[in-house]
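*Asks:* The structure is given below, and queries will be raised subsequently.
Here, each number is a calculation from the coordinates, and none is a lab measurement. Since we're looking at a predicted model, the values are computed, not measured. Virtual Cβ from ideal backbone geometry, glycine too; neighbours counted across all protein chains shown.
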Ligand SMILES: Cc1ncc(COP(=O)(O)O)c(C=O)c1O
């Protein structure tokens with residue numbers, strides 16, 4: 001039998017009666033939109049994460065969009081983030097007319113590098129790309145009228161100078177960022193923190209969920225995520241009651257006192273009640289699944305010790321990953337290809353997150369970044385690959401995967 005990359009069937013076999021009971025309850029009461037399961041889920045997940053408020057919504061992307069809208073993010077705002085992430089993280093910044101400003105990552109954690117973050121903020125404040133690579137819009141601010149013109153792919157007219165407003169940190173593959181290093185930098189600069197915890201729901205940093213760490217945090221319940229529903233879903237978390245009220249309004253077309261009182265531009269970004277019922281059922285086994293994911297990752301690390309020039313992910317004493325992915329590094333692109341050949345021969349699936357950093361993607365070409373601007377992200381994209389990872393991965397299958405990686409690594 002083939003080894004699945006993610007095994008939702010084994011998970012369903014454990015909770016099928018709970019899922020069906022939950023869905024039956026929704027079918028019986030018929031409140032398919034904003035039914036009682038939505039508030040139940042929000043309460044349960046807020047308390048699970050230790051956040052004051054949780055707001056269920058239509059996807060992880062919409063959660064990020066809502067969080068940025070709640071801060072009135074728009075043209076002229078610079079939002080710092082990593083180029084080594086799923087496109088949604090930077091896409092939402094650009095959709096609102098703000099400018100993504102990329103900061104390179106740490107090669108061990110794959111998360112934003114706090115030292116580079118400091119440099120990027122300094123470069124933005126002084127509009128000096130010699131301090132750190134900046135988007136052309138920020139460089140244009142040095143000499144108005146003399147900077148590069150915005151190419152036609154840029155969705156909004158440039159508004160120089162750019163003002164740094166906040167950071168979207170991404171806890172890549174489930175591992176929380178180094179928040180003790182990041183937070184003082186943001187505090188000193190008066191910037192907000194939005195945690196993109198799409199991959200790290202269930203992880204912890206010094207015992208605290210990253211969903212309780214930022215001014216706002218967002219997660220995704222896409223089926224492949226550590227906690228996934230059976231469609232699209234997401235959630236915003238905040239300890240700020242006023243911000244939560246704005247998020248509630250934005251989720252439903254910027255509504256005010258009632259449905260036909262519209263006080264701001266918003267979205268239709270509600271979560272379906274059926275998805276909330278699925279998530280409630282899955283929460284009954286979720287903490288155990290996080291432990292299982294950690295043990296699968298530990299076993300992989302042990303098994304892969306014999307692989308040649310394969311760098312396995314690190315475990316940290318101060319944080320526990322949710323292991324959304326188990327990602328390793330080959331020596332280089334050719335070495336990675338040799339491993340893929342053996343994985344393919346053995347019908348073992350793999351994935352590359354992410355084959356091209358965002359600053360080199362066509363969609364962000366209008367920012368004017370170049371190859372070489374974020375060398376760590378660029379190198380990682382050539383060396384990284386992810387192996388099957390889920391809580392139900394048997395040791396025998398892990399051994400099969402590891403054997404193939406070891407063989408490929410020695411070619
Ligand atoms: C880091 C990151 N941010 C945002 C998202 C967007 O989440 P969704 O697919 O639920 O819109 C994802 C999903 O893959 C992600 O991995």
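*Asks:* What shape does region 147-286 take by its C-alpha gyration tensor, where a ≥ b ≥ c are the square roots of the eigenvalues and a/c under 1.5 counts as rounded, a/b above b/c as prolate, and the rest as oblate?
*Replies:* Because a/c hits 1.5 or more and a/b fails to exceed b/c, region 147-286 counts as oblate.
*Asks:* Continuing with the same structure: With the contact rule set at Cα under 8 Å and sequence spacing of 6 or more, what percent relative contact order holds for the chain?
*Replies:* 22 percent.
*Asks:* Taking 8 Å as the Cα distance limit and 6 or more residues as the minimum spacing, I'd like the relative contact order of region 158-316 as a percentage.
*Replies:* Relative contact order of region 158-316: 14 percent.
*Asks:* Against the empirical 2.2 N^0.38 Å scaling, what ratio does the C-alpha Rg of the chain come to?
*Replies:* 1.00
*Asks:* Name the shape class, rounded, prolate or oblate, that the alpha-carbon gyration tensor gives for region 228-335, where a ≥ b ≥ c are the square roots of its eigenvalues, rounded holds for a/c under 1.5, and otherwise prolate holds if a/b is larger than b/c and oblate otherwise.
*Replies:* Here region 228-335 falls in the prolate category.
*Asks:* Using a Gaussian network model on the chain with a 10 Å cutoff between Cα atoms, which of 310, 15, 290 fluctuates the most?
*Replies:* Of the options given, 15 has the highest mean-square fluctuation.
*Asks:* Based on DSSP H runs of at least 4 residues, each adding -39500 (n - 2.57), what is the mean residue ellipticity at 222 nm of the chain after dividing by all its residues, to the nearest 500 deg cm²/dmol?
*Replies:* Result for the chain, helices only: -12500 deg cm²/dmol.
*Asks:* Given the options 354, 12, 366, state which has the largest fluctuation in a GNM of the chain using a 10 Å cut-off (strictly under) for Cα springs.
*Replies:* 12
*Asks:* Using packing as a proxy for protection, rank 81-90, 294-303 so that the peptide with the highest average count of other Cβ atoms within 10 Å comes first.
*Replies:* 81-90, 294-303
*Asks:* Got the relative contact order for region 286-409 handy, in percent, Cα pairs under 8 Å and 6 or more residues apart?
*Replies:* About 41 percent, as a whole number.
*Asks:* Here's something else I'd like to know. In a GNM of the chain with a 10 Å cut-off on Cα contacts, which of 186, 358, 65 has the highest mean-square fluctuation?
*Replies:* Residue with maximal mean-square fluctuation among 186, 358, 65: 186.
*Asks:* If each residue of separation counts as 0.36 nm, what is the full-extension length gain between residue 267 and residue 331 once their alpha-carbon separation is subtracted?
*Replies:* Difference between extended and current length: 18.5 nm.
*Asks:* Let me ask something additional. Quickly work out the residue 9-to-residue 206 label distance, labels modelled 7 Å from Cα along the C-beta direction, and quote it in nm with one decimal.
*Replies:* 4.5
*Asks:* Could you calculate the FRET efficiency of residue 346 with residue 315 from 1/(1 + (r/R0)^6), where r is the beta carbon distance between them and R0 is 35 Å, rounded to 0.05?
*Replies:* Approximately 0.85, to the nearest 0.05.
*Asks:* Another question about this same structure. Residues in region 377-403, backbone N under 13 Å from the label point at residue 2 (7 Å along the Cα-to-beta-carbon vector): list them, ranges by number please.
*Replies:* From region 377-403, the list is empty.
*Asks:* Can I ask one more? Tell me, how many Å apart are the Cα centres for region 6-39 and for region 183-244?
*Replies:* 24
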